[in-house]
1. Label the range 61-140 by shape, choosing from rounded, prolate and oblate, from the square roots a ≥ b ≥ c of the eigenvalues of the Cα gyration tensor; if a/c is under 1.5 it is rounded, and otherwise prolate applies when a/b is larger than b/c, oblate when it is not.
2. Quick check: the angle from helix 203-217's long axis to the longest principal axis of the chain, C-alpha only, nearest 10 degrees?
3. Going by Cα centres, the range 119-184 and the range 23-46 are how many Å apart?
4. Pairs of alpha-carbon atoms within less than 8 angstrom and 6+ residues apart define the contacts here; what relative contact order does the range 2-249 have, in percent?
5. In what sequence, highest mean first, do 231-242, 146-157, 46-57 appear when ranked by Cβ atoms within 10 angstrom?
6. Would you mind getting the accessible area per residue of the chain, heavy atoms of the protein chains only, 1.4 Å probe, in Å²?
7. Between Gly69, Gly160, Gly195, which gets the highest mean-square fluctuation from a Gaussian network model of the chain, Cα cutoff 10 Å?
8. Quick one: helix 29-53 against the long Cα principal axis of the chain, what's the angle to the nearest 10°, folded into 0 to 90?
Amino acid sequence: MDKYRVKPGAKVRLSKWDPDDQSEFKGDKEQGRAKVAKINDDLEALQDLLYGEHKHKVLVVLQAMDTAGKDGVIRSVFDGVNPQGVRVAAFKAPSSVELDHDYLWRVHQQAPGKGEMVIFNRSHYEDVLVVRVHNLAPKEVWSRRYEHINAFEKLLADEGTTILKFFLHIDKDEQAARLQARLDDPEKHWKFAVGDLAERKLWDQYTDAYNDAIEQTSTPWAPWYIVPANRKWYRDLVISTVLVKTLKDLKMKFPENKDDLSKVVIE
Ligand code: ATP
Ligand code: MG
């Protein structure tokens, strides 16, 4: 799945990344789904280790246009993992107290502790995305944030956090189809946000903002992956594969018991 990782310093043009790509898996949707379920067993075991070892911290950042499937990823990739060790932090429009502080203040509080995996459903990247597109801060303010973000993520990494950042890449037609499906099905009406239509009109501006954000902040310590996400099963497959490989590379071990258990007799 290395082909989806953005190399530090590489130029990013999302228009050059194919949201329909499925070249890393030889199989159909059904086989893909089965594979995700299999990888999910590995993830459960690895997350158990992460929790038991109580050493590493893992941060997964999810960013995407509306309807690209952040919720779907959280549901299927993390299906069945022990809720004790995994937490989702969703970042909505900041409260007035949050706005009174610097933009990383609320984010740092949600960073994972030892043995914990935290999924950011949106993140500090909104502060160079929606903030830029909607002019919530002037250019001179948001443009210096890439540097802060890289330094912030370096701090987390230096202190033992493994960071993975995923951009779920769909195209505008796919978004139209998903919005239409929500509109057509009364059971999905609750998911339909009229406000998403206004954001959709700003598609190109968001694309520019994502291009710059990903280009400026894909670092060795916190890489971005651009995940083809027009097909939901393939999107889940890419993310779970990267996650499991990264966790395996941590070479985690359950801690030894500090007592000599060979002498223990249970009466
Ligand atoms: P879903 O629609 O699937 O429930 P969502 O992540 O789109 O999930 P919403 O409540 O629809 O959740 O949207 C959250 C909104 O908060 C987004 O429009 C996002 O851009 C906005 N937001 C997040 N962080 C910031 C920020 N720092 N400044 C301004 N707006 C922000
Ligand atoms: Mg929304």
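The values are calculated or read from the model by the stated rules, or taken from the named source; none is laboratory data. The structure displayed is predicted, hence computed values, not measured ones. Heads up, the Cβs are rebuilt from the backbone with ideal geometry, glycines too, and the neighbour counts pull from every protein chain shown. Each accessible area value is taken on the protein alone, full model and side chains, heavy atoms only, with ligands, DNA and RNA left out. Shrake-Rupley method; radii C 1.70, N 1.55, O 1.52, S 1.80 Å.
1. Numbers: a/c = 2.98, a/b = 1.55, b/c = 1.92.
Oblate, because a/c is 1.5 or more while a/b does not exceed b/c.
2. It is inclined by approximately 40 degrees.
3. So the separation of the two Cα centres works out to 26 Å.
4. Values: 348 pairs, mean separation 91.0, N = 248.
Normalised by residue count, the contact order of the range 2-249 is 37 percent.
5. Working: 231-242: 23.0, 146-157: 16.1, 46-57: 18.6.
Packing order, densest peptide first, comes out as 231-242, 46-57, 146-157.
6. It amounts to 53 Å² per residue over the chain.
7. So, out of Gly69, Gly160, Gly195, the one fluctuating most is Gly195.
8. Helix 29-53 sits roughly 50 degrees off the main axis of the chain.
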